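One structure below.
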Amino acid sequence: MQAPRLFVPGPLEAGVTVALSADQAHKLLHVLRCKAGQRVLVFNGCDGEFAACLEMTNKACAALLGARTRAQTSVPDLRLMFAPLKRQANDWLVEKATELGVAALQPVLTQRCVAERIRPDRLRLIAQASAEQCERLEIPAVQEALTLSQALHAWPRGVRLLFADEAGDCPHADWGGAAGRAPPLVGALQSLGPQPAWGLLIGPEGGFTPQERAELRALPFVVPISLGPRILRAETAAIAGLSLMQALCGDWGSPYG
Ligand code: SAH
């Protein structure tokens, strides 16, 4: 069995014993059926990764840190702004976006958003579990939800925000007709060239309203892009967009990175 990986906040150093959370202890004891002395890997998001030896007392677990196994590296500064979806779809989206290497997740409330409430603390735990599983060395930041206007206002002006826009500008045509369509994502990335950071904005299940689209398209840092000729579910659009961005400009090999 591959050594379980555990995120432990706080400083890590060889020779130190760190306490594990009740959830981690439960998983190690009852799901993975680990025994005292078992090898685990521990990371904290800034000090790299350490081999460690599991210690158990009653129901609590701790890890005695040994040698550092990996030095800290950073992920590309790729941020996902997404309108909250139904709970299961949100959970799935956060898990997959973490695997794909996003640095930060920003939930944004839009006019057609159906999700009642977003719980960043829950989503952070999902991101943590995903990071532990996919061998990342840090957990993506999960921000508190903002309205679309607040999020755009707070967006750093020098960072390009790729706006996944499936619609066009003809009010009575299916999909908004032929006018005003966004260019394909790959071409947009090619013409932008290397960027120190960038973001992807995905709308809610019902899409953006015409006013929101106009507001977005008027902003100088917003780059409207298309993800092909079909309407994708929001979570599919997010995964497709992030994959292309990582492949072309991120840490997958990056011809334009
Ligand atoms: N307009 C639709 C569907 C919205 S799909 C409706 O009225 O139901 C949800 C989100 O996924 C969109 O807001 C957009 O950000 C993204 N999306 C889906 N398909 C896309 C495509 N082909 N190109 C770009 N973005 C897309």
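No lab work stands behind these numbers, since they all come straight from the coordinates. What you see is a predicted model, and the numbers here were worked out from it, not measured in a lab. Note that we place each Cβ from the backbone using ideal geometry, even for glycine, and neighbour counts take in every protein chain shown.
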For this session: Have a look at Ala164, Ala89 and point out the one that is within 30 Å of Gln2 (Cα to Cα) and in contact (Cβ under 8 Å) with a residue 60 or more places away in the chain.
Result: Ala89
For this session: Only residues that are among the hydrophobic types (A, V, I, L, M, F, W, C) and assigned to a loop (DSSP other than H, G, I, E, B): list them for region 28-62, please.
Result: Leu32, Cys34, Ala36, Cys46
Problem set entry | Residues of region 198-245 that turn out to be away from the ligand (no atom under 12 Å from the Cβ), closer than 18 Å to Thr110 by Cα and surrounded by fewer than 18 Cβ atoms within 10 Å (Cβ to Cβ), as a count | 6
Exercise. Would region 71-85 turn up any residue that is in a helix (DSSP H, G or I) and touching a residue at least 24 places away in the same chain (Cβ under 8 Å)?
Worked result: no
Problem set entry | Check on Pro156, more than 14 Å from the ligand (Cβ to nearest atom), more than 23 Å from Leu105 (Cβ to Cβ), under 24 Å from the mean Cα position of the chain (by Cα) and part of a loop (DSSP other than H, G, I, E, B) | no
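Condition check ((1) under 30 Å from Trp198 (Cα atoms); (2) out of contact with any helix residue (DSSP H, G or I) (no Cβ under 8 Å at 6 or more places or on another chain); (3) loosely packed, with under 14 Cβ neighbours inside 10 Å) across all residues:
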| residue | (1), (2), (3) |
| --- | --- |
| Leu20 | no, no, no |
| Phe50 | no, yes, no |
| Lys59 | no, no, yes |
| Leu65 | no, yes, no |
| Trp92 | yes, no, no |
Exercise. Conditions: (1) more than 30 Å from Gly45 (Cβ to Cβ); (2) within 16 Å of the ligand (Cβ to nearest atom); (3) surrounded by 13 or more Cβ atoms within 10 Å (Cβ to Cβ). Ala164 meets all but one. Number of the miss?
Worked result: (1)
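Which one is nearest to the ligand (Cβ to nearest atom), of the residues in region 246-255 that are under 20 Å from Glu95 (Cβ atoms) and among the small types (Gly, Ala, Ser)?
Of region 246-255, the ones under 20 Å from Glu95 (Cβ atoms) are 246-247, 250-252.
Checking which are among the small types (Gly, Ala, Ser) leaves us with 247, 250.
Working: Ala247: 17, Gly250: 19 Å.
Of everything passing the filter in region 246-255, Ala247 is nearest to the ligand (Cβ to nearest atom).
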For this session: Test Gly193 against the stated conditions and say whether it is near the ligand (Cβ under 10 Å from one of its atoms) and on the phi > 0 side of the Ramachandran plot.
Result: no
